[in-house]
Each structure stands twice: as C-alpha cells, then as structure tokens.
Amino acid sequence: MSGHTDMVLVDENGMRIDGRTATEHRPIKIEAGVLKNADGSAYVEIGKNKVLAAVYGPRECHPRHLQNPTKAIVQCKYNMQAFSVSDRKRPGTDRRS
C-alpha cells in the first residue's frame with residue numbers, strides 16, 4: 001500500500017484526536033422543517049459534519065416523453081466546502097498542455 005501512512009486513531013490514554021473515548025459517540029443534532037420554501041427539509045449535525053437537505057416536488061417532468069405515472073426521477077445535487085476536501089485535478093481536458 002504505497003502512498004498510505006499509518007494514522008493513530010486512539011492514543012495511549014484511549015482518547016481519539018477529537019477528545020472522545022474509543023467507545024464514545026459523536027454528538028448528534030437533527031432538526032426537521034428548517035427551510036420555508038422547501039416541501040421538506042432537514043438539518044443534521046454529527047460531530048463537526050453538517051448537512052442541510054431539501055426536497056422540492058412533485059414537479060412536472062420535462063421533456064414530457066420522460067413522464068411515467070409509475071416512476072419518478074430523483075435529481076440530487078451536493079456541494080462541499082472548499083476547505084473540506086483536498087485539491088484535486090478537475091475532470092476534462094487540460095488546456096495547459
């Protein structure tokens with residue numbers, strides 16, 4: 001496994017790097033109905049991770065040939081803060097070469 005480093009998850013005192021014991025769970029907070037314009041919404045915190053989710057619909061399907069009364073199309077979008085992920089090369093052609 002080249003390129004991987006060993007990471008210590010629990011120190012010699014049995015504590016994780018975030019101050020919890022090995023058997024202690026992260027704090028959890030859940031709120032429903034947090035966005036007024038959404039048909040459904042929720043805010044969830046698990047430790048330092050935060051998620052805001054919204055649901056809108058049902059809506060008309062466009063183009064119409066995709067409409068089917070027995071099926072649904074679910075479209076998901078997500079965003080991550082720039083500081084939460086390491087830099088990576090964007091997919092697609094590299095115009096610098």
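Here, each number is a calculation from the coordinates, and none is a lab measurement. Quantities reported herein were computed from a predicted structural model and do not represent experimental measurements. With ideal geometry, Cβ positions are generated from the backbone for all residues, glycine too; neighbour counts draw on all protein chains shown.
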Listed residues K50, K36, K77, most fluctuating in the chain (Gaussian network, C-alpha, under 10 Å): K77
Length added when fully stretched, H25-F83, from 0.36 nm per residue minus Cα-Cα: 18.4 nm
For the chain, projected area of the alpha-carbon convex hull averaged over all directions, nm²: 13.3
Listed residue (Q67, H25, V55) projecting farthest to the positive dipole end of region 1-88, Cβ model: Q67
Cβ charges +1 (Lys, Arg) and -1 (Asp, Glu), total dipole of region 28-84, debye: 100
Unit charges on C-beta of K, R, D, E only; dipole of the chain, Debye: 640
